[in-house]
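The values are calculated or read from the model by the stated rules, or taken from the named source; none is laboratory data. Predicted model only: the values in this text are computed from it and were never measured. Cβ sites come from the backbone with ideal geometry, for glycine too, and all protein chains shown count toward neighbours. Note: areas computed on protein heavy atoms with side chains; ligands, DNA, RNA excluded. Shrake-Rupley method; radii C 1.70, N 1.55, O 1.52, S 1.80 Å.
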Amino acid sequence: MQARWWRSGFFYMLLLVAIVALVFAFVPRERPEELSLGEFVEKAKPTPVNGEVVLQMDTIRQDGDTLIGLKDKEPKFKAAFVGSTTELRDYLEKEGVVVGPGGIDIDVEEGGVDWGIIALQVIVPIVLLGALFYFLFFRAARGAGTQAFNFSKSRARLALENRSTVTFADVAGAEEAKEEVQEIVEFLKAPQKFQALGGRIPRGILLVGPPGTGKTLLAKAIAGEAKVPFYSISGSEFVEMFVGVGAARVRDLFEQAKRNSPCLIFIDEIDAVGRHRGAGLGGGHDEREQTLNQILAEMDGFDTSVNIIVMAATNRPDILDPALLRPGRFDRHIVIDLPDIRGRKAILEVHGKGKPLAKEANLETVAKGTPGFSGADLANLINEAAILAARRNRKDITLKELEDAADRTMAGPERKSRVISPREKEIIAYHESGHALTARMLPNADPVHKISVVARGMAGGWTRFLPTEDRYLWTKSQFNDRLAVSLGGRVAEEIIFGEMSTGGQNDLEQATKLARKMVVEYGMSEKLGPRTFGQKQELVFLGREISEHKDYGDKIADAIDEEVHNLIQRAYNTTKKTLTANKAKLKQLSEELMTHETLDEDQLNRIFEGLTPQPTSG
Ligand code: ADP
Ligand code: MG
Ligand code: ZN
């Protein structure tokens, strides 16, 4: 956890007390030696010059014994005597021990309490218990930085004086995302204007992208551009708290925000609280769920007069609870991908500003050599280069430092995202080009919107399709072309390299799933006819398919498998024919893709010019 509990003064105080108590307990203290009365008298007889007998009204012994001790500052010996003080005096004198002046004194210490024993038996356990309690509960409940007992005050950091100074100029290479949020900035600047026109502005915006791509930065920039307060809180802070505390924090946060609207609330790492409810172990009523419900309730409670924008960031949109994504909540998604070559150059420029870059230090070269780097990696790279230059006693940062820093960042343990080798990049380029070209050549496939070799999530590259219209109905030929397109990557690899990589695994999975659906759900197989096979059982509260009830025999099962196989095989043949016929285009497209890393619709159209879709006998 990132909470810095070890930095708090309270923690040090406790540590000190514990150490003192332990030292107290373990340093050997001189304890009086217990003797029989006879032995005691022998010791006392030679008249210890400055000794005295201490009479302790012992509180521990219940048998009426009195403890006497021969004392030299601290009692050295002790023995038990039954009787009163006078009786003891008489006894000692009779035994020949000189009592009084010149001899030993008798001193009565009432209810002698041994503080050492008390410390050992009472204080130490209390301190240890206290420490245990503190670590188990308070630390977890407090999280970082708040006062000890301030449970529910939201830790959203309000930077009113120091309102976010980040602007769009600081966010480089995320042009699309910046364009998309421009509207939000306008709204925050002058909400009345939007309200007067009755416009509906999205309240909840989800920023989706891998770590370090500038999601937090973008949110701050929006607040900075609009000059409104920025409240941020991280989902992971809620996870380790007392039940109920997270929800209370959310309430406080929204209350504070409402008082200072227009403003922006930013919930970082929302996946930490926003996972599928009911998917966790240990029952569904945990802290996360309550926190999540509170967030949803607050967002639902907004009426049109509330001028608050809620943004959230995640790199795992797939695990989010569907309730979060419903209309009126986080219904607008903005994807921030890893930067392509142009984006990387822009980010390097932003972070290189104000740093003594040597004239010949070409940032474009650095951008070219750093596929797979995130914005955070690139910021780190520039920083490392500056440190290297200083260590080498240079006055400026040259290409050498930049490249060494890149190597370092790549090899260093801090690199989390994957880095792509040139060979890998080539394979990915052909793979994605295969998808795109197939889609272009088949009349019933969705047009390609964008294609990239910049890794995103688990995928090496990606091809984004743009459906021409919202579809509720699909035809068989659309499905067939879709199957062919999903095999395009694999087939392209096969044609160019003679073998395929593991990169097409997900494609195959999707193709198989689709083909199976065509047969068992949509009745699109001529051989098996228009009926469905199998009954799905959905567990309502999980909202997911759990099992399938088989309502057909083994013979039919074999036939289904065969039909699925046939559909895929036919699609494969189509793809192979298409790509082989257009091998030159495939090469051209891949090469362009390798240089530019991302190709948008215009660039694609230019490359595809002159190609006309070929209807297939699917
Ligand atoms: P995320 O929230 O997506 O994990 P951050 O916004 O925390 O990423 O980014 C971390 C740092 O990386 C930023 O503070 C900034 O210095 C740098 N950075 C990331 N993306 C960009 C970008 N597009 N332009 C400039 N700097 C960036
Ligand atoms: Mg972040
Ligand atoms: Zn693919």
inquiry  = For Cα pairs less than 8 Å apart in space and 6+ apart in sequence, what is the mean separation divided by the residue count of segment 157-335, i.e. the relative contact order in percent?
reply    = 33 percent
query = Can you give the accessible area of residue 251, probe radius 1.4 Å, in Å² rounded to 10?
reply = 110 Å²
key: Amide H within-cut-off set for residue 205, under 5 Å, with H built and near neighbours excluded   = 310, 311, 312
note = Kirkwood Rh for segment 164-273 from C-alpha pairs, in Å, is 15.1 Å
key: Label-point separation in nm, residue 37 to residue 364, each point 7 Å along Cα→Cβ   = 10.8 nm
query = Can you give the accessible area of residue 404, probe radius 1.4 Å, in Å² rounded to 10?
reply = 40 Å²
task = Enumerate the calculated ³J(HN,Hα) couplings along segment 206-219 in order (Karplus 6.51 cos²θ - 1.76 cosθ + 1.60, θ = phi - 60°), each rounded to whole Hz, writing x wherever the residue is Gly or Pro.
result = 9, 8, 10, x, x, x, x, 8, x, 5, 4, 4, 5, 4
task = With a Förster radius of 45 Å, plug the Cβ-Cβ distance of residue 601 and residue 387 into 1/(1 + (r/R0)^6) and report the FRET value to the nearest 0.05.
result = 0.60
ask   = Hey, can you rank 589-601, 441-453 by average C-beta count inside 10 Å, highest first?
value = 441-453, 589-601
query = Based on the mean of other beta carbon atoms within 10 Å per residue, what is the order of 354-366, 287-299, 602-614, most packed first?
reply = 287-299, 354-366, 602-614
inquiry  = Starting from 0.36 nm per residue, how many nanometres of slack lie between residue 473 and residue 335 once their C-alpha separation is accounted for?
reply    = 47.0 nm
ask   = Using 7 Å Cα-to-Cβ label points, what is the residue 87/residue 176 separation (nm, one decimal)?
value = 10.1 nm
request  = Ratio to report: Rg/Rh of segment 563-609, with Cα atoms as the point set and Rh obtained by the Kirkwood method; give two decimals.
outcome  = 1.15
task = Work out the P(r) tail for segment 287-349: percent of alpha carbon pairs separated by more than 12 Å, whole number.
result = 77 percent
remark   = With the label point 7 Å along the Cα-to-beta-carbon line of residue 513 and a cut-off under 15 Å to each amide N, the hits in segment 318-341 are 318-320
query = So for the pair residue 506, residue 200, with labels modelled 7 Å out along Cα→Cβ, what separation do we get in nm?
reply = 3.2 nm
query = Taking the Cα centre of segment 157-335 as the origin, how large is its charge dipole in debye, to the nearest 20, when only Lys and Arg (+1) and Asp and Glu (-1) carry charge on their Cβ atoms?
reply = 400 debye
key: Residues in segment 336-375 that a label on residue 169 would reach, taking backbone N under 18 Å of a point 7 Å out along Cα→Cβ   = 346-356
remark   = Per the Cα gyration tensor, segment 341-411 corresponds to an equivalent ellipsoid with semi-axes, largest first in Å, of 17, 13, 10
request  = Taking H placed 1.01 Å from N in the peptide plane, check which residues at least 5 places from residue 275 or on another chain put their amide H under 5 Å from its amide H.
outcome  = 321
